[in-house]
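Here the structure comes first, spelled out in C-alpha cells, and everything after it is commentary.
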Amino acid sequence: MRSFTMNKQKIKAVFYDLDNTLYPQVLDVQQRVRFCIKEFSLPKCVEEFWITEWLDNGPKKTNIIDNVIDTFSLKIDKYLLLSAYRSYKTSLSLDKDVRNMLIDIKRRGIKQFLITNGQPIVQLGKINSLGLSEFFDNISIAVGSHAKPCPHLFLETIRNYGLESEQCLSVGDWYEIDGVASIDAGIYFLHIEGGPIKENLPSGVRSIIKLPYIEDFL
C-alpha cells in the first residue's frame, strides 16, 4: 500500500464521503424501511430483519431485498419495492458538532468537497435533506466507471481547483472504496469508524471515531 506523510500546514482542501461519514446512514435506512412497510402493509417483523440485514455489511450486499422477500414469502414485486425504497424522501439532519466543524473549516478558507457513490436520486435527496450545499465548494455523485474506488473525481477536482494532492485530506468509512480512491489520487486518507463496514485496515491508515476530530489534522 502506498502511504503519504501529511503536513498540516499545507492542507488546503478536505474531501468527504457521505454515508456513515457525515451522518449515520442507518437513520436513512430506517426511514425508508418503515415507509415500505407502511406503504405495502408488510408485517412489522420485516423491519428488524431488513435493518439487521443492512447492518451486516449492508453496503456490500446486493440482495437484501431478495432476502427480505424470500424470508417472509412476500407477494410483492421486487422492483416495485426497490423503487419505493429508493424514491422515498427521508428527513435527515446534521449532528450539531459536525455542522459546527463544517462551518469552522469553511471559515478557515479550507475548501471542502463531497464525493459519494450511489443512485443519484437517492444521494441527492440525502444531500438536500442534510442541507449540505452551503458548506461545500463542489459535490459529486460518482456513478459507473467513475465511482470510487476509481480516483477520477478526486483528480478532476484537484485539477479544477488548482490544488496539489499533498494539499488535500480525505475522510471516509470504507477503506476499500474511499481509501483506495484517495490514496490512488495521492491524497492522505483518514478512516472514520462506526459504520457497518468492518475491515482490517492496512498499517499506516489512521482512524478517528468522530468526524470533528479531523480538525486535529488541519
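The distance between label points at residue 93 and residue 39 comes to 2.5 nm (points 7 Å beyond Cα on the Cα→Cβ vector). Taking the Cα atoms only, what angle lies between the long axis of helix 25-39 and the longest principal axis of the chain, rounded to 10 degrees? Helix 25-39 sits at roughly 20 degrees to that axis. Of all lysines in the structure, those lying under 17 Å Cα to Cα from residue 10, and not within fewer than 8 positions of it along the same chain, are 106, 111. Taking the chain as a Gaussian network of alpha-carbon nodes connected by springs under 10 Å, the highest mean-square fluctuation of the residues 56, 19, 70 belongs to 70.
Rule-based calculations on the coordinates, nothing more; no lab input. All figures in this text were calculated on a predicted structure; none of them were measured in a lab. All Cβ positions, even for glycine, are placed from backbone atoms using ideal geometry, and neighbour counts span all protein chains on display.
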